[in-house]
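Nothing in this text is a laboratory measurement; each read-out follows from the coordinates by a stated rule. None of the values given here were measured: they were computed from a predicted structure. Here the Cβ is made from the backbone with ideal geometry for all residues, glycine too, and neighbour counts use every protein chain on show.
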Amino acid sequence: MINAAVLGSPINHSLSPLLHSLAYEHLGLKAQYKAIEVRAGELKKFLAETDKNALSLTMPLKEEALKVADIVSDVAARISCGNTLSLNKGVWSLTSTDVSGFDHALHMHGLEKIESVLIIGAGATARAAVSSVSQIAKSVSVISRNPEREAAMNQASLVNVTYLPWEFTSQINTATLVVNTTPNQAADFFTSSINSPSGTFFEVLYHPWPTSMSKVWSESSGHVIDGLDLLIHQAISQIEIFAGITCDREFLHRKMRAAAVQKLA
């Protein structure tokens, strides 16, 4: 039986229990999935005491997980964080489905080859984004306020990364893909620089929707990908790991997205 949960703090807002439970029901799998509050510094103790065998991780646990997992996958090591823990014979294995979440979301929206990518932010989600897009992009630029995060970003990327200061840049309007990975309203700073953008805007946030940047982008007739697609695709990849199966991704995405949109309405 899949005895799963999503861990993090705060966690009450999480859509993961809804999405996972819906998927397991449609797949006819015996499983349970709940949300559990686990704060920074508490993950090791939780793993030692829990009866769960499959875990989704959100902030602030994704980087902490590297220190407590028994086995760390290549992708989790490359992006210096993980969001998926699975237990097998007493051994906790850590990986990340955030990269595949980006991969599948971009593929679904027809982005197979990209000339240039601009990523706003340099945290854990940004590292997953750069790991994904650097597989298909000729050039990657990152707007960052934290130079100390550049080494981890470089490790996550398959191409050389150009770093830009936290200020207005014309690349927002010329890049093939712009990805905002910052929380809350941090990226609102760049809204006034949007002027007839030529590329796609990928907003990792999904609630409340629309964000300021996604609204302005859409009003400029630009294509927008919302954070629900990332959330759902990384969840489907987790489900495949937990259940040891390959899912009908298109079917599950359609069902899970409809449920999420209804929940957020």
So if I place +1 on the C-beta of Lys and Arg and -1 on the C-beta of Asp and Glu, and nothing else carries charge, what would the dipole magnitude of the range 18-89 be about its Cα centre? I want it in debye, nearest 20. 60
Could you tell me how many degrees, from 0 to 90 and to the nearest 10, lie between the Cα long axis of helix 16-27 and the main elongation axis, the longest principal axis, of the Cα atoms of the chain? 70
Could you give me the radius of gyration and the Dmax of the range 68-127, taking only the C-alpha atoms into account and expressing both in angstrom? 14.1, 45
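Would you kindly work out the equivalent ellipsoid of the range 180-233 from its C-alpha gyration tensor and give its semi-axes, the square roots of five times the eigenvalues, largest first in whole Å?
After diagonalising the Cα gyration tensor, the semi-axes are 17, 13, 8 Å.
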Would you compute the Debye intensity of the range 1-117 from its alpha-carbon atoms alone, equal scatterers and no solvent, and pass along log10 I(q)/I(0) at q = 0.09, 0.19, 0.23 Å⁻¹ to two decimals? -0.27, -1.06, -1.35
Simple spin-label model, 7 Å along Cα-to-Cβ: LYS263 to GLU250 in nm? 2.5
For the chain, which longest stretch is free of loop sites, where a loop site is one of the GluC sites (Glu not before Pro) that DSSP puts outside H, G, I, E and B and that has at most 10 other Cβ atoms within 10 Å? 1-111
ASN160 versus GLU219, label points 7 Å from Cα toward the beta carbon: distance in nm? 3.9
FRET efficiency, 1/(1 + (r/R0)^6) with R0 41 Å, evaluated for HIS107 and VAL68 via beta carbons: 0.80
Would you order LYS30, LYS62 from fewest to most other beta-carbon atoms within 10 Å of each residue's own beta-carbon? LYS30, LYS62
Sticking to Cα atoms, compute the Rg of the range 41-97 to one decimal and its Dmax as the biggest Cα-Cα distance, whole number, in Å. 10.1, 29
Relative contact order as a percentage, the range 100-225, C-alpha pairs under 8 Å and 6+ apart, gives 22
Would you list, by chain and number, the aspartates and glutamates whose Cα falls below 14 Å from the Cα of LYS113, excluding same-chain residues fewer than 8 positions away? ASP103
For the range 228-265, list residues with backbone N below 12 Å from a point placed 7 Å from the Cα of GLU25 toward its Cβ? 256, 259-260
Under a cut-off of 26 Å between alpha-carbon atoms, report the lysines in cross-link reach of LYS89, not counting same-chain residues fewer than 8 places apart. LYS30, LYS34, LYS44, LYS45, LYS52, LYS62, LYS67
Taking the inverse of the average 1/r across all pairs of different Cα atoms in the range 100-225, what Kirkwood radius in Å do you get? 14.3
If N is the number of residues in the chain, what value comes out of its Cα radius of gyration divided by 2.2 N^0.38 Å? 0.98
